[in-house]
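Shown next, in structure tokens, is the structure this report addresses.
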Amino acid sequence: MHADFRSLPADPASAAALADQGLRYELVGDDEGRQDAFSQAVARGFHGGAPDEQALVEMRESSRERRAIGVWDDSAAEPLIPIATVDSWPTPLRVPGGRDLEAWAISVVTVAPTHRRRGIARGLLEGELRAAVANGTPLAILTVSESTIYGRYGFGPATWSAELAIDTKRARWVGPTPAGRVQLVSREAIRDAALGIEERARAAGGIPTWRGHWDRQLGLRRSEASKSADIRAVRYDDEAGEPRGFAAYRVKDAGADFTRHPVEVIDLVAATADAYAALWRYLLELDLVHEVVAHQRSVDEPVTWMVSDARAVRTRSVTDHLWARILDVPRCLEGRTWQRSGRLVLDVADNLDLAGGRFALEVDEAGAARVTATDEAPDLTLGVAALSSALLGGASPIALAAAGRLEGDAAAVERLHGMAVTPVPPCLGFWF
Ligand SMILES: CC(C)(COP(=O)(O)OP(=O)(O)OC[C@H]1O[C@@H](n2cnc3c(N)ncnc32)[C@H](O)[C@@H]1OP(=O)(O)O)[C@@H](O)C(=O)NCCC(=O)NCCS
């Protein structure tokens, strides 16, 4: 990794492409005035309100921890506010088998409405991918609000999230009864315990959270205090008194019938099976509540099996969530554990010429991979986006082949399927 990823220079190729349009593509750096202008541009890009002084101070925290890039148009009416933004940071990403792979997380991709559709987002994204390569990072990741944009840069969806709506009047608890305790605690107490619990809970598809993330999730930023006073929090302590999980939730307005409050789960994080069961039970047994809705959950939640009536748990939607982009095929494929042994020659196409090539993937009985460049005839031909989708074990190579995103004979497709797909689907429980 580069000694200080924040000072990796702005990508020269993107800077040159944007300079041709009279635009300056530059690191935001440590100047607070530039950081605040960047935050204003991000808020505007995502249709948020103008941040006040307090919000700007709070947003400087991420400016200090991330590598932020702005694009400035000196001819604009407000030339100090960038017309495009992106930021990034290297982070561990949990992969199948329990190890971490370093990933380049990309966030706040925005282009001002006055400047869109002239290739500025392309300059930002390609610049990030080349910066990640320059940093020696083998993979880029992002969560997307607009899912149609990122495939062209080699990203593929790699985790999926479900929105669950549980009818609590039907959902009688038949799951385990753990011996620990669920305790009502302050949101500050949850924030203080969250990082430790989250790190133990992190499964494939997960990246570590940070304190500012919990300040935002739990409504602890001073600038958002008035919007979040209704957030409640509970913690699960095991028999020895160790915190093992927590949930934050909000009881919403019941309307005319006071017995029918909807509950929105803001987060439920469990480092043990006991914590998971105890926290769900707590939420589903809240009185005066008829429905519990949770977002960004796994597509295979055990809670479905913990209630008497499985139809009480409705999956309202399943959407792609984390998108991945392999930048170094051998390091990514060797980084994870595979489900079965086998050998396949993969021909990987990459239209940005960052990671493509022909590789022999050899997996031993323990699931460990060795990946070498080869000129043998390929068993499978696929784009880097499809391979990135399969990396975390959540995408089906059989479905990718049926969709024409992976080519090869049926036996080779099934072999990759058996090797790649994991029994527990990868999951990332939040946006970044
Ligand atoms: C989405 C956004 C960043 C695109 O910026 P942009 O500078 O207009 O994009 P570009 O001109 O570089 O276009 C890049 C490519 O994406 C396509 N594209 C851009 N926006 C798109 C959209 N909303 N839907 C589908 N395709 C889109 C373009 O057609 C172009 O394709 P091509 O290179 O194959 O011709 C910008 O519209 C924006 O800031 N939107 C609001 C914030 C947002 O949605 N951010 C994305 C968060 S995931």
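Summary table below
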item: Residue within segment 59-81 that is away from the ligand (no atom under 16 Å from the Cβ), under 29 Å from G393 (Cα atoms) and touching a Pro at 6+ places or on another chain (Cβ under 8 Å) present; result: no
item: When residues of segment 170-181 are limited to those that are touching a Lys or Arg at 6+ places or on another chain (Cβ under 9 Å) and part of a loop (DSSP other than H, G, I, E, B), the one surrounded by the fewest Cβ atoms within 10 Å (Cβ to Cβ); result: T177
item: Enumeration of residues in segment 182-216 that are assigned to a helix (DSSP H, G or I) and closer than 29 Å to A312 by Cβ; result: R187, I190, A194, I197, E198, A201
item: Meets criteria (at pLDDT 95 or above, more than 24 Å from R170 (Cα to Cα), part of a strand (DSSP E or B) and basic (K, R)) for R250; result: no
item: Residue in segment 161-181 that is at pLDDT 95 or above, closer than 27 Å to R336 by Cβ, within 23 Å of the chain's Cα centre (by Cα) and of a type outside the set (F, W, Y) present; result: yes
item: Unmet criterion (only one of (1) within 24 Å of W104 (Cα to Cα); (2) in the same structural domain as L268 (by TED's automatic domain parsing); (3) among the small types (G, A, S)) for A349; result: (2)
item: Selected residue [open to solvent by 10 Å² or more (accessible area, probe 1.4 Å) and among the hydrophobic types (A, V, I, L, M, F, W, C)] from A140, A105, A121; result: A121
item: Of all residues in segment 196-242 being aliphatic (A, V, I, L, M) and more than 18 Å from R99 (Cα to Cα), the one that is surrounded by the fewest Cβ atoms within 10 Å (Cβ to Cβ); result: A240
item: Count - residues of segment 55-67 that are open to solvent by 10 Å² or more (accessible area, probe 1.4 Å) and in contact (Cβ under 8 Å) with a residue 40 or more places away in the chain; result: 6
item: Failed item in (1) basic (K, R); (2) within 24 Å of the chain's Cα centre (by Cα); (3) surrounded by fewer than 21 Cβ atoms within 10 Å (Cβ to Cβ), with R116 passing the rest; result: (2)
item: Count - residues of segment 287-316 that are of a type in the set (A, V, I, L, M) and open to solvent by 40 Å² or more (accessible area, probe 1.4 Å); result: 3
item: Flag if F46 is in contact (Cβ under 8 Å) with a residue 40 or more places away in the chain, open to solvent by 20 Å² or more (accessible area, probe 1.4 Å) and within 14 Å of the ligand (Cβ to nearest atom); result: yes
item: Hits in segment 119-157 (condition: part of a loop (DSSP other than H, G, I, E, B) and either away from the ligand (no atom under 15 Å from the Cβ) or on the phi > 0 side of the Ramachandran plot (or both)); result: G119, N135, G136, T137, P138, G154
item: Where D267 falls short, out of the listed (1) assigned to a strand (DSSP E or B); (2) surrounded by fewer than 20 Cβ atoms within 10 Å (Cβ to Cβ); (3) of a type in the set (D, E); result: (2)
item: Residues (among the hydrophobic types (A, V, I, L, M, F, W, C) and within 16 Å of the ligand (Cβ to nearest atom)) located in segment 91-118; result: W104, A105, I106, V108, V109, V111, A112
item: Strands (runs of 3 or more DSSP E) contained in segment 353-426 and holding at least 2 residues over 25 Å from L322 (Cα atoms) and open to solvent by 30 Å² or more (accessible area, probe 1.4 Å); result: 357-363, 369-373
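The values are calculated or read from the model by the stated rules, or taken from the named source; none is laboratory data. Because the structure is a prediction, the values reported are computed rather than measured. No Cβ is skipped: glycine too gets one built from the backbone with ideal geometry, and neighbour counts run over all protein chains shown. These area figures cover heavy atoms from the full protein model, side chains too; ligands, DNA and RNA do not enter into them. Shrake-Rupley method; radii C 1.70, N 1.55, O 1.52, S 1.80 Å.
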